[in-house]
Amino acid sequence: MRVVVPIFILLASVIVLWGFDVGSVSAVFAREGFSLAPPSESGGEFSQGRIIAGIAGVYILFTGIVWWSSRAILKQAHEIKSYADRLAESLKKEKELSAVKDQFITMASHQLNTPISVIKWTAELMGDKTIARDLKQNSLPTIAQAADELASIVADILTVSEIGFRYEKRSAATLNLLTLTHDTVSALARHASMRGVGLEVKNTASDAAFLGDAFAMKKVLENLIQNAIHYSNGKGVVAIEISETNGLLRWAVRDNGIGISKEEQSRIFEKFFRAKNAVERKNVGTGLGLFIAKTIVEGHGGTIGFESEEGKGSTFYFTVTRNSHPVSPPAPAKKE
């Protein structure tokens, strides 16, 4: 089309030049009544057919130029509209994100009050000389639990600050899911022990390598394992299993805790949502852990889900694509 239109305009221009010559045009305007008789001074023949062809050529030329110009204008208009639509969508997302951030700040501020108040009250109790030493000693686990809850809230705040509410994988490296799991379990072992919960890891995958963001995927494991510990019945074992099937790595954590009611299961991955039985246990939380986990897993091209029965426990799992050919780290540069 880009070649045809210029040729079309060029042919129309030739017709115009052929239809109108200078002598013919001058003669037409010189004679009264617009007589088409050949003028004696023109020295050449002047036919009505050439005049008509010239007029037609002008019309065709004008039409071609208008069509070509309008096509360019329409293209520019389409580009402007497309840019305006993208800008409007971006502004909409920014507005939604701003509202979510405001909601998060309000909720986090409210949640922070509980552990801070517990720590403050217990510290005052420890400083009271009239209180028996045994009672003070029994209050130490309360401080430790409140500190853990405070640390969990701060961790969620830092995670949101780092990756936002819409995770996009910025960097990827070859990671080992089993290694990440062991590191996370080691970091949470004391926390689990204080709650009377054991941690077990089972691996049946021949190769647990995958491409991912180490910081983000570690947050997924932390959130899922911490939830399993928090909502256990204070006894038993939180079992973690890594397996593989059809090129996918499957990671799962199972607890024998409070479970999730069927009525609330459809909302479990919503941001800021906390199940009724979790709130009743007065476990402090932002309601962002599972939302963050889902966002990160899906950002890695994986899927996340769960199975749960109220009063009997839950199993949360996710899958990521296994990297069957791990990338070897670059060899260190030789010093000269």
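As an exercise, use a Förster radius of 30 Å and the Cβ-Cβ distance of residue 206 and residue 298 to find the FRET efficiency, rounded to the nearest 0.05.
The calculated FRET efficiency here is 0.70.
Protein chains only, probe 1.4 Å: how do 67, 251, 121 rank by accessible area, largest first?
121, 67, 251
When only the heavy atoms of the protein chains count and the probe is 1.4 Å, how do 177, 199 rank by accessible area, highest first?
199, 177
Once fully extended, how much extra length lies between residue 90 and residue 78, figured as 0.36 nm per residue of separation less the alpha-carbon to alpha-carbon distance?
In short, 2.5 nm is gained.
Using a Förster radius of 51 Å, what is the FRET efficiency between residue 128 and residue 172 based on their Cβ-Cβ separation? Nearest 0.05, please.
0.40
Can you sort 267, 195, 133, 190 by solvent-accessible area, 1.4 Å probe, largest first?
Output order, biggest surface exposure first: 133, 190, 267, 195.
Could you check the simple spin-label distance between residue 315 and residue 190, using points 7 Å along Cα→Cβ, in nm with one decimal?
Once both label points are built, they end up 3.3 nm from each other.
Set the Förster distance to 30 Å, then compute FRET efficiency between residue 140 and residue 273 from the Cβ-Cβ distance, nearest 0.05.
Computed FRET efficiency for residue 140 and residue 273 comes out at 0.35.
Please turn the phi angles of the stretch 132-139 into ³J(HN,Hα) values with the Karplus equation 6.51 cos²θ - 1.76 cosθ + 1.60 (θ = phi - 60°), one per residue in order, whole Hz, x for glycine and proline.
4, 4, 4, 5, 5, 4, 5, 7
What figure, in Å² to the nearest 10, do you get for the accessible area of residue 83 with a 1.4 Å probe and non-protein molecules left out?
Approximately 130 Å² for this residue.
Give the accessible area for residue 303 in Å² (nearest 10); use a 1.4 Å probe, count only protein heavy atoms, and leave out ligands, DNA and RNA.
Per-residue accessible area (residue 303): approximately 80 Å².
If I ignore ligands, DNA and RNA and count only protein heavy atoms, how much of residue 270 is accessible to a 1.4 Å probe, in Å² to the nearest 10?
Result for residue 270: roughly 80 Å² accessible.
Using Cα pairs under 8 angstrom and six or more residues apart, how large is the relative contact order of the stretch 172-226, in percent?
Rounded, it is 58 percent for the stretch 172-226.
The values are calculated or read from the model by the stated rules, or taken from the named source; none is laboratory data. Just so you know, these numbers come straight off a predicted model, no measurement behind them. Every residue, glycine among them, receives a Cβ derived from its backbone with ideal geometry; neighbour counts consider all protein chains shown. The area values use the complete protein model at the heavy-atom level, side chains included, leaving out ligands, DNA and RNA. Shrake-Rupley method; radii C 1.70, N 1.55, O 1.52, S 1.80 Å.
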